[in-house]
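Please read the structure below before turning to the comments.
The values are calculated or read from the model by the stated rules, or taken from the named source; none is laboratory data. It should be emphasised that the depicted structure is a prediction, and the values quoted were computed from it without experimental measurement. Note that each Cβ is placed from the backbone with ideal geometry, even for glycine, and that neighbours are counted across all protein chains shown. With ligands, DNA and RNA removed, areas are computed over all heavy atoms of the protein, side chains included. Shrake-Rupley method; radii C 1.70, N 1.55, O 1.52, S 1.80 Å.
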Amino acid sequence: MATFYQEPSRTFSEYLLIPGYTDENCIPDNVSLRTPLVKYRKGEEECPITLNIPLTSAIMQSVSNDTLAVALAREGGMSFIYGSQSIENEAAMVKRVKSKKAGFVVSGSNLTPDATLFDVIKLKEENGFSTVAITDDATPNGKLLGVVTSRDYRITRMALDTKVKDFMTPFEKLVTAPAETTLKEANDIIWDHKLNSLPIIDKDNHLLYFVFRKDYSEHKEYPLCLQDDSKRYMVGAGINSRDYKERIPALVEAGVDVVCIDSSEGYTVWQKNVIEWVRQEYGDKLKIGAGNVVEKDGFNFLADCGADFIKIGIGGGSICITRETKGIGRGQATSIIDVAAARDEYFKRTGVYIPICSDGGIVHDYHMTLALAMGADFIMLGRYFAGFDESPTQKHMINGQYVKEYWGEGSNRARNWQRYDLGGKSSLAFEEGVDSYVAYAGSLHDNVNKSLYKVKSTMCNCGVTDIPSLQQNAKLTVVSATSIVEGGYHDVTLRTTDRSKI
């Protein structure tokens, strides 16, 4: 007969953390949220990729594009660019992220010396950049011939057809720096020479980057910025089990740091085939995540296949209706607890630690802490990031409130049939996601910092200052329905409907 699990399928809201002893070291400023992204031999070697905060953005059209990827990398997390688009477009997004080094900016405005003042003004109106690189071919990496800034011209005193070569600051008068210049050295040159910008060039005088004086404070503002060895932002990308032999090489060429199979259910032969192909073509050099699973058998299967991290969650997303339409899935809290135990058993047996990612089910900020305490190494979020300025969707005013569009990959709008493919024809027979709105929340920077301060504060209440200690020492309790009601405000009449003013 069928297997029946005796433990109920529970969600995050059915648990609370029990406080632990808090000593003088347990303050938010001392809490580290660093966490491994990919597998490694724990205790023997360093993890190849470590997140500085335990947050990643979901592989969704309405969430993860290159703009959000840069913003999240600055905070110390990682985005996974959505794969339900053409190979060329996804690779281009990855390339745009990787073209940005922390503090090193690829020139966004470029002209030739034969352009005119009119062209300069038009370009500034289009992109807002006041620094224009003058190169031999008007490309960001052409041979640098000069620079034009707002100090080089006066609209009221010059004819619009004046050639750029007649008023630009020529190359021989520029202060430049070679390709191997570090960010610290670049900033020192800027300050020593009282510059607003410093061009970084190669040995043949081709422009590589600009370093701007105004960005100096930004570098100080993002101390946890997630960078590769070349100081470029790190980024992941979603793939599927259909066109991976063409998509993955394009993503690798674009510079992707890690890929992840985007599927609603990972306990399949198709994921095994993808991982085996990656190992055959790239060995262990290319890191690949897999999933999603909700119990130990699925974890062990993907672990044995060679996955570098494994995602947990089926049907827990706010726009996911897989459980409703197919009757398949499991409560996110129960899933994490079960898979975390399997991960620890696998580590004891093999010496290899495979990080697990909680994907879905996060409604409140404190759910992040619960997910980590239950064993997740990091968290993947969709709805949370969809409401930020940096997400790719449109902002609307509805019933007096600003909202942003948010739709599931299983919706007809996304048409991401690859994510739900079971080897049949390439179409969505029915929807497993909805098309919706989420409340507009402002900037990613402000919201992530606020959310993670709550996580750090809760960890201090538990008497720990890092994620491994939280996983080892946390004490959790199941709460009753009455207890859940008791946890909110009750038996009072609010003086204002704006709880932020309470």
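Taking the conditions exactly as written (of a type in the set (A, V, I, L, M, F, W, C), crowded, with 22+ Cβ neighbours inside 10 Å, touching a strand residue (DSSP E or B) at 6+ places or on another chain (Cβ under 7 Å) and more than 25 Å from Gln472 (Cβ to Cβ)), does Ile310 satisfy them or not? The answer is no for Ile310. Pairing residues of the stretch 435-449 that are more than 8 Å from Phe388 (Cβ to Cβ) with residues that are part of a helix (DSSP H, G or I) and open to solvent by less than 70 Å² (accessible area, probe 1.4 Å), at Cβ distances under 8 Å and at least 6 apart in sequence or on separate chains, gives Val438/Ala386; His445/Ala71; His445/Arg74; His445/Glu75; Val448/Leu72; Val448/Glu75; Asn449/Glu75. When each of Arg383, Arg349, Arg343 is tested for being among the basic types (Lys, Arg) and within 17 Å of Thr11 (Cβ to Cβ), the lone residue that passes is Arg383.
Cβ-Cβ distances below 7 Å connect the following pairs, each with a first residue in the stretch 244-267 that is assigned to a strand (DSSP E or B), a second residue that is among the aromatic types (Phe, Trp, Tyr), and a separation of six or more residues or different chains: Cys260/Phe80.
May I ask you to say which residue of Val252, Val278, Val269 is among the β-branched types (Val, Ile, Thr) and open to solvent by less than 50 Å² (accessible area, probe 1.4 Å)?
Unique residue meeting the criteria: Val278.
Looking at the structure I just gave you, is Ile190 assigned to a helix (DSSP H, G or I), open to solvent by less than 20 Å² (accessible area, probe 1.4 Å) and β-branched (Val, Ile, Thr)? Here the answer is yes, as Ile190 does meet what is asked.
For the condition closer than 19 Å to Asn447 by Cβ, aliphatic (A, V, I, L, M) and in contact (Cβ under 8 Å) with a residue 60 or more places away in the chain, what is the one hit in Leu37, Leu17, Leu51?
None of the other options fit; the residue is Leu51.
Looking at the stretch 222-238, can you tell me whether even one residue there is of a type outside the set (Phe, Trp, Tyr), over 21 Å from the mean Cα position of the chain (by Cα) and closer than 29 Å to Gly361 by Cα? No, the stretch 222-238 contains no residue that is of a type outside the set (Phe, Trp, Tyr), over 21 Å from the mean Cα position of the chain (by Cα) and closer than 29 Å to Gly361 by Cα.
Annotation note: Cβ proximity below 9 Å between a residue of the stretch 91-103 that is on the phi > 0 side of the Ramachandran plot and touching a residue at least 60 places away in the same chain (Cβ under 8 Å) and a residue that is in a loop (DSSP other than H, G, I, E, B) and surrounded by fewer than 20 Cβ atoms within 10 Å (Cβ to Cβ) (sequence gap 6+ or interchain) occurs for Gly103/Lys231.
Does Leu17 satisfy the criteria of being modelled with pLDDT of 95 or more, touching a Cys at 6+ places or on another chain (Cβ under 8 Å), closer than 23 Å to Asp344 by Cβ and open to solvent by 10 Å² or more (accessible area, probe 1.4 Å)? Step through it out loud before you land on a result.
Working: modelled with pLDDT of 95 or more: yes; touching a Cys at 6+ places or on another chain (Cβ under 8 Å): yes; closer than 23 Å to Asp344 by Cβ: yes; open to solvent by 10 Å² or more (accessible area, probe 1.4 Å): yes.
For Leu17, the condition - modelled with pLDDT of 95 or more, touching a Cys at 6+ places or on another chain (Cβ under 8 Å), closer than 23 Å to Asp344 by Cβ and open to solvent by 10 Å² or more (accessible area, probe 1.4 Å) - is met.
Working only within the stretch 275-314, note down all residues that are in a strand (DSSP E or B), free of Cβ contacts under 8 Å to residues at least 60 places away in the same chain and touching a Cys at 6+ places or on another chain (Cβ under 9 Å). Ile288, Ala290, Ile310, listed by residue number.
Residues that are farther than 16 Å from Leu16 by Cβ and in a helix (DSSP H, G or I) within the stretch 461-485 comprise Ile467, Pro468, Ser469, Gln471, Gln472, listed in sequence order. The criterion of at least 2 residues that are out of contact with any Phe, Trp or Tyr (no Cβ under 7 Å at 6 or more places or on another chain) is met by the following strands (runs of 3 or more DSSP E) wholly inside the stretch 1-105: 15-18, 78-81. When Leu160 is tested against the conditions (1) surrounded by fewer than 18 Cβ atoms within 10 Å (Cβ to Cβ); (2) without any contact (Cβ under 8 Å) to a residue 40 or more places away in the chain, the lone failure is (2). With respect to the conditions (1) at pLDDT 75 or above; (2) of a type in the set (S, T, N, Q); (3) under 23 Å from Gln394 (Cβ atoms); (4) not in a helix (DSSP H, G or I), Asn447 falls short on a single one, namely (4). Just wondering, is there one or more residues in the stretch 318-335 that are closer than 23 Å to Pro468 by Cα, at pLDDT 95 or above and open to solvent by 30 Å² or more (accessible area, probe 1.4 Å)? No, the stretch 318-335 has no match at all.
Take the stretch 87-106 and flag every residue that is open to solvent by 30 Å² or more (accessible area, probe 1.4 Å), within 20 Å of His445 (Cβ to Cβ) and at pLDDT below 90. Spell out how you get there, then give the answer.
At the first step, the residues of the stretch 87-106 found to be open to solvent by 30 Å² or more (accessible area, probe 1.4 Å) are 87-89, 92, 95-96, 99-101, 105-106.
Those left that are additionally within 20 Å of His445 (Cβ to Cβ): 96, 100-101, 105.
Selection gives Lys100, Lys101, Val105.
Only one residue in Ser84, Ser57, Ser79 is at pLDDT below 95 and either over 22 Å from Ala439 (Cβ atoms) or open to solvent by less than 30 Å² (accessible area, probe 1.4 Å) (or both), so which one is that? Ser84 is the lone residue from the list that is at pLDDT below 95 and either over 22 Å from Ala439 (Cβ atoms) or open to solvent by less than 30 Å² (accessible area, probe 1.4 Å) (or both). Residues in the stretch 148-157 that are assigned to a loop (DSSP other than H, G, I, E, B) and loosely packed, with under 13 Cβ neighbours inside 10 Å: Arg154, Ile155, Thr156, Arg157.
Considering (1) in a loop (DSSP other than H, G, I, E, B); (2) open to solvent by less than 40 Å² (accessible area, probe 1.4 Å), the lone condition that Leu224 does not fulfil carries the number (2). Of everything listed in (1) closer than 25 Å to Tyr353 by Cα; (2) touching a residue at least 40 places away in the same chain (Cβ under 8 Å), the single unmet condition for Lys326 is (1). Entry remark, the stretch 350-379: residues being open to solvent by 10 Å² or more (accessible area, probe 1.4 Å), touching a helix residue (DSSP H, G or I) at 6+ places or on another chain (Cβ under 9 Å) and in a loop (DSSP other than H, G, I, E, B) number 7 in total. Of the numbered criteria (1) within 27 Å of Thr56 (Cβ to Cβ); (2) open to solvent by 80 Å² or more (accessible area, probe 1.4 Å); (3) at pLDDT below 95, the one Ala429 fails is (1). In the set (1) modelled with pLDDT of 95 or more; (2) of a type outside the set (A, V, I, L, M); (3) surrounded by 24 or more Cβ atoms within 10 Å (Cβ to Cβ), the condition left unmet by Lys296 is number (3).
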